[in-house]
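For reference, the structure discussed in these notes is given below.
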Amino acid sequence: MAKKNTPDPEVEALIQWCTEVEGFLVAAGATLRQAQDHIEEQAEWFTDLFYDGLTPEEAARQALNE
């Protein structure tokens, strides 16, 4: 029997959260590519912010204040 490839709900939530952060970064003036690159380069830091309970908007503000 083949194993179904079902994504972990927590991983799905993190991806959705990062997508929302991306939107706030773009709204603040970054290009979509710049926002995506920044999130990818700082994936561990953003993951920590997610687990610390920050909203996507709060995380984007922190990223912009680096």
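Backbone geometry of the range 11-24 corresponds, through the Karplus equation with coefficients 6.51, -1.76 and 1.60 at θ = phi - 60°, to 3J(HN,Hα) couplings of 5, 4, 5, 5, 4, 4, 4, 5, 4, 5, 4, 3, x, 5 Hz, x marking Gly and Pro. The share of C-alpha pairs in the chain whose separation exceeds 21 Å stands at 24 percent. Taking label points 7 Å from Cα along the Cα-to-Cβ direction, Trp45 and Asp8 give a separation of 2.3 nm. Considering helices alone, the calculated mean residue ellipticity of the chain at 222 nm is -22000 deg cm²/dmol, with DSSP H runs of length four and up weighted by -39500 (n - 2.57) and normalised per residue.
Using a Förster distance of 25 Å, how high is the FRET efficiency between Asn65 and Gln16, based on the Cβ-Cβ distance and rounded to 0.05? The formula returns an efficiency of 0.60 here. Summed over the residues of the chain and divided among them, the accessible surface reaches 74 Å² per residue at a probe radius of 1.4 Å.
Under 5 Å between amide hydrogens, built in the peptide plane, is the criterion, and for Gln42 it picks out nothing among residues at least 5 positions away or on other chains.
The values are calculated or read from the model by the stated rules, or taken from the named source; none is laboratory data. Worth saying up front: this structure is predicted, and the values here are computed from it rather than measured. Every residue, glycine as well, gets a Cβ built from its backbone with ideal geometry; the counts of neighbours run over all protein chains shown. Side chains are part of the model used for accessible areas, which takes the heavy atoms of the whole protein and leaves out ligands, DNA and RNA. Shrake-Rupley method; radii C 1.70, N 1.55, O 1.52, S 1.80 Å.
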